[in-house]
Amino acid sequence: MIDFQIKICGVRTEADVRACETAGADCVGLNFFAKSVRYLAPDSPATLAVNQSAARAGIVRVGLFVNEKVHEILRIQNLLHLDAVQLHGDETVADAEQLLDAKIPVIRAIRLPTAALSPEEIAVKIGKWADVPVTLLLDADAGAQFGGGGKQLHWPSIASWAENSSQPSSQPSWILAGGLNSENVSKAIQTSGATRVDVASGVELPKGTKSPELIQKFVSQCGLRGVDVER
């Protein structure tokens, strides 16, 4: 599984990538969902430049897709040589297996309610994805937006789920998302036990525009660098 700790999702410019590199973030998300304010046209010169900038910096590049056909994901993957793809819509396990068969690491977004949940309720939401070698991205359910929308998950519930496995070594690899920002990410990590985090709107001002200052503050509050993250 691809290795990273801090993912800044929805970067759109080479300046965004430089801000991530300067701050110490080790992963960026390129958003290929056309209805998103952070959308990048996969075939545009600007996208190629952003992607190449991240590659030169040694930053992990994840392509975010929502209900895209597998053949189109594969085409974009072949064009950009992404390090991983993130499925954030209603894709099936079979879709992910096709990507995994092509040796492409997959991150699967699991949209959870923001209320307190039992470990069993979270396990039901994850469903069959627990049996597939993907990394789970735990995000807040924002309905048709297919993203957290700035909503926070119930971090103690995430911690209980993560600790509830009878076989900790088989616990799925997971990333915490949903309403994170520089003001709450430290508490979110401490409370949930997360070793990986994902942020989009929490480092933007205004929405859709990354702020180098907020990226720097976010990364500095994570305290994750140097942690041995399981692959």
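The values are calculated or read from the model by the stated rules, or taken from the named source; none is laboratory data. Computed from a predicted structure; not experimentally measured. Positions of Cβ are backbone-derived with ideal geometry, glycine not excepted, and every protein chain shown enters the neighbour counts.
A few remarks follow.
- Cross-chain or 6+ apart pairs with Cβ under 8 Å, the stretch 186-211 first and on the phi > 0 side of the Ramachandran plot and without any contact (Cβ under 8 Å) to a residue 40 or more places away in the chain, then polar (S, T, N, Q) and surrounded by fewer than 17 Cβ atoms within 10 Å (Cβ to Cβ): none
- Summed over the stretch 72-114, the residues that are under 15 Å from Leu138 (Cα atoms) and basic (Lys, Arg) give a count of 2.
- Residue that is modelled with the highest pLDDT [pool: residues in the stretch 17-35 that are more than 15 Å from the chain's Cα centre (by Cα) and under 26 Å from Leu74 (Cβ atoms)]: Val17
- Taking helices (runs of 4 or more DSSP H) as the structural unit, those lying wholly within the stretch 1-115 and holding at least 1 residues that are among the polar types (S, T, N, Q) and either within 20 Å of Val197 (Cβ to Cβ) or touching a Phe, Trp or Tyr at 6+ places or on another chain (Cβ under 7 Å) (or both) correspond to 14-23.
- Residue ID - farthest from the chain's Cα centre (by Cα), chosen from residues in the stretch 86-102 that are exposed (fewer than 14 other Cβ atoms within 10 Å of the Cβ) and not aliphatic (A, V, I, L, M): Asp101
- Residue list for the stretch 63-85, filter: buried (at least 21 other Cβ atoms within 10 Å of the Cβ) and either in contact (Cβ under 8 Å) with a residue 60 or more places away in the chain or on the phi > 0 side of the Ramachandran plot (or both): Ala84
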